[in-house]
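The values are calculated or read from the model by the stated rules, or taken from the named source; none is laboratory data. Not measured: the values here are computed from a predicted model. Neighbour counts run over all protein chains shown; Cβ positions are idealised from the backbone, glycine included.
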Amino acid sequence: MFKKILIYTGYFILTGILAAYFVFSTGLTIEHSERQRCTEIKVTVLDSALNRFVSPEEIRELIRVEGITINESKLKHINQYALENVLNNRTAVKISQVSVNRNGVLRVDIQQRRPILRLETVNGGFYMDETAYLFPLMRSYTSYVPVVTGNIPLVIPPGYRGGPNQNREWANKIKELGLFLERENFWNSMVEQIYVDSTGAILFTPRVGKIEIVFGEPENIDFKFKKLYAFYTKVIPAMGWESYKRVDLRFGNQLVCKKRENKQIKT
């Protein structure tokens with residue numbers, strides 16, 4: 001009986017000690033977090049090997065402008081959500097993630113937007129990313145993607161950033177064309193410029209050969225490029241690079257080719 005009393009007494013004493021330690025350590029942790037200042041700002045641009053629209057130095061400067069400085073700003077005063085909103089409004093930032101740790105390190109991870117096309121409009125140049133999001137060109141860095149010129153059926157205000165505010169169907173179609181070219185290295189290397197004529201038809205200027213390629217509406221993309229591949233692999237080897245000045249992909253299963261001596265042939 002006496003042995004059981006000792007066991008229970010020891011149990012309660014140990015429990016009390018652990019509870020007291022927990023309360024004490026929690027108090028120290030709270031006190032530490034209340035006093036903890038920002039000791040380091042660590043910025044990582046996750047996809048900097050692909051694009052360099054955003055640099056860690058620029059992000060640190062934006063953070064400084066927001067009043068956050070090393071060894072001065074307390075962690076409890078840093079609004080992580082508000083800081084993310086500020087960074088996400090940077091032109092080429094797709095998403096930012098801000099976190100702090102108990103050592104006072106403010107960590108910022110940045111994901112940039114990935115342009116697939118460059119649109120040259122009356123209000124300046126804009127990139128279009130894989131979601132059809134538009135954002136202005138930047139002086140600090142140029143992304144070498146296919147350029148779209150001519151009668152682009154989008155009205156984009158100067159400095160605009162965001163999704164297309166009208167003619168979204170066309171924007172999504174041209175986006176799909178850009179994604180195809182990004183995915184297919186052969187065609188991406190072949191297509192130098194994309195021109196939209198007054199009727200809305202897409203014309204390509206290839207890097208090799210003086211041939212105008214009429215693509216038509218940016219639709220049935222895979223099928224049209226298969227026809228164009230047949231032209232390059234079957235017609236050109238048989239007839240030569242200088243035989244044709246124009247190839248039209250708009251007519252179903254046919255390739256309508258125009259010879260330099262202005263004779264039309266169908267293949």
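For the structure I just gave you, tell me whether residue 207 is under 19 Å from residue 150 (Cβ atoms) and surrounded by fewer than 16 Cβ atoms within 10 Å (Cβ to Cβ). In short, yes.
In the set (1) free of Cβ contacts under 8 Å to residues at least 12 places away in the same chain; (2) more than 17 Å from residue 146 (Cβ to Cβ), residue 227 fails one condition alone, (1).
Filtered by the rule that a residue be touching a residue at least 24 places away in the same chain (Cβ under 8 Å), out of contact with any strand residue (DSSP E or B) (no Cβ under 7 Å at 6 or more places or on another chain) and either of a type in the set (A, V, I, L, M) or surrounded by 13 or more Cβ atoms within 10 Å (Cβ to Cβ) (or both), segment 134-152 gives 138, 141. Selection within segment 43-54: residues that are in contact (Cβ under 8 Å) with a residue 60 or more places away in the chain and out of contact with any helix residue (DSSP H, G or I) (no Cβ under 9 Å at 6 or more places or on another chain). The member of this set that is surrounded by the most Cβ atoms within 10 Å (Cβ to Cβ) is 53. Taking residues in segment 174-191 that are in the same structural domain as residue 228 (by TED's automatic domain parsing) and surrounded by fewer than 16 Cβ atoms within 10 Å (Cβ to Cβ), and partners anywhere that are basic (Lys, Arg) and not in a helix (DSSP H, G or I), the pairs with Cβ atoms closer than 8 Å and at least 6 places apart or on different chains are 189/207. Which residues, taken from segment 124-166, are in a loop (DSSP other than H, G, I, E, B), of a type in the set (S, T, N, Q) and over 14 Å from the mean Cα position of the chain (by Cα)? Hits for segment 124-166 are 140, 151, 165, 166.
Of all residues being of a type in the set (Lys, Arg) and not in a helix (DSSP H, G or I) in segment 32-50, which is farthest from the chain's Cα centre (by Cα)? Just the residue, please. Among those residues, the one meeting the criterion is 37. Whether any residue in segment 101-123 is free of Cβ contacts under 8 Å to residues at least 24 places away in the same chain and not in a loop (DSSP other than H, G, I, E, B) is what I want to check. No: segment 101-123 contains no residue that is free of Cβ contacts under 8 Å to residues at least 24 places away in the same chain and not in a loop (DSSP other than H, G, I, E, B).
Yes/no per residue for (1) within 21 Å of the chain's Cα centre (by Cα); (2) of a type in the set (D, E, K, R); (3) under 24 Å from residue 138 (Cα atoms); (4) in a loop (DSSP other than H, G, I, E, B):
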site	(1), (2), (3), (4)
52	yes, yes, yes, yes
59	yes, no, yes, no
82	no, no, no, no
90	yes, yes, yes, yes
